[in-house]
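The values are calculated or read from the model by the stated rules, or taken from the named source; none is laboratory data. Computed from a predicted model, the values in this text were never measured in an experiment. Cβ: placed from backbone, ideal geometry, glycine included. Neighbour counts: every protein chain shown.
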């Protein structure tokens, strides 16, 4: 039924009056739009309490949020938001209830399990995050060139939107970065890490910089919904028995790289491997969709 409604919406859009100064969408654009709308209508959502990583972790959703499993999350990232295919391999996605994936103010929290081992947190206080930012910026320039060479829009890291913070009591880490992309607003990646006994959950909230305050207000709720289960929490670590990650908090913020491999070199590899997910707006679709389905001014 949702698919039928989506197709009807596109059909109606075709017959809306178009002003002389508006560019008519091409058949290829219309076909792409129909495909996106069909995909949106076919997404399957979950609610309530959801196990993750074979029961090592769980999400307990509040009534304002829904969950998309790996297959449905991939459809959003790759088929709707036009990310590279490798960006679609995720553990799941938390979205606001009633989300409009084509709304410029929409956002989603991407979840990825990292089986890296126990991440020691003793190095957080001694990390120079200004120096790290400079190296991240340099690495992002090369990563952006690689994106462009593959036919994707450029994106360049511009700075910390929120500097790194670590909740040592609950072993949860968060920070945010801003990216320059094609469009009127900068891209926001709001990153959360929930540390566990055998690895960590990587949560990336994807939106635009204009949504920073809204996301910062909702971040504590999201942090509270995601946790490890008994026996798998950070405090359950058994020294001498459990695997220990080859990097600490600093390496985790930098993208899960091995410090001994060389900071810049490893960062460059990590970014090319799409360890950081970045939303790419479907610019062509969005531009004419607003004209066709949005409220037009009277001629």
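Here are some notes:
- Residue in the stretch 181-191 that is farthest from residue 232 (Cα to Cα), counting only those that are part of a strand (DSSP E or B) and touching a helix residue (DSSP H, G or I) at 6+ places or on another chain (Cβ under 6 Å): 188
- Residue in the stretch 192-202 that is farther than 25 Å from residue 59 by Cα and assigned to a strand (DSSP E or B) present: no
- Which numbered condition residue 33 fails, given (1) under 19 Å from the mean Cα position of the chain (by Cα); (2) surrounded by 16 or more Cβ atoms within 10 Å (Cβ to Cβ): (1)
- Checked against the criterion of being part of a strand (DSSP E or B) and either farther than 21 Å from residue 154 by Cα or at pLDDT below 85 (or both), the candidates 94, 99 yield just one match: 94.
- Of the numbered criteria (1) within 20 Å of residue 87 (Cα to Cα); (2) not in a strand (DSSP E or B), the one residue 176 fails is (2).
- Of the residues making up the stretch 153-173, those that are part of a loop (DSSP other than H, G, I, E, B) and free of Cβ contacts under 8 Å to residues at least 60 places away in the same chain are 154, 168, 169, 170.
- In the stretch 110-152, the residues that are without any contact (Cβ under 8 Å) to a residue 24 or more places away in the chain, over 21 Å from residue 168 (Cα atoms) and part of a loop (DSSP other than H, G, I, E, B): 151
- For the stretch 81-91, the set of residues classified as within 13 Å of the chain's Cα centre (by Cα), at pLDDT 75 or above and within 22 Å of residue 144 (Cα to Cα) consists of 81, 89, 90, listed by residue number.
- Subset of the stretch 96-131 [within 12 Å of residue 249 (Cα to Cα), surrounded by 17 or more Cβ atoms within 10 Å (Cβ to Cβ) and under 23 Å from the mean Cα position of the chain (by Cα)]: 119
- Test: residue in the stretch 235-252 that is in a helix (DSSP H, G or I), touching a helix residue (DSSP H, G or I) at 6+ places or on another chain (Cβ under 9 Å) and either within 24 Å of residue 189 (Cα to Cα) or assigned by TED's automatic domain parsing to the domain that holds residue 64 (or both): yes
- For the stretch 219-240, filtering for residues that are within 18 Å of residue 93 (Cβ to Cβ) and in contact (Cβ under 8 Å) with a residue 40 or more places away in the chain leaves 7.
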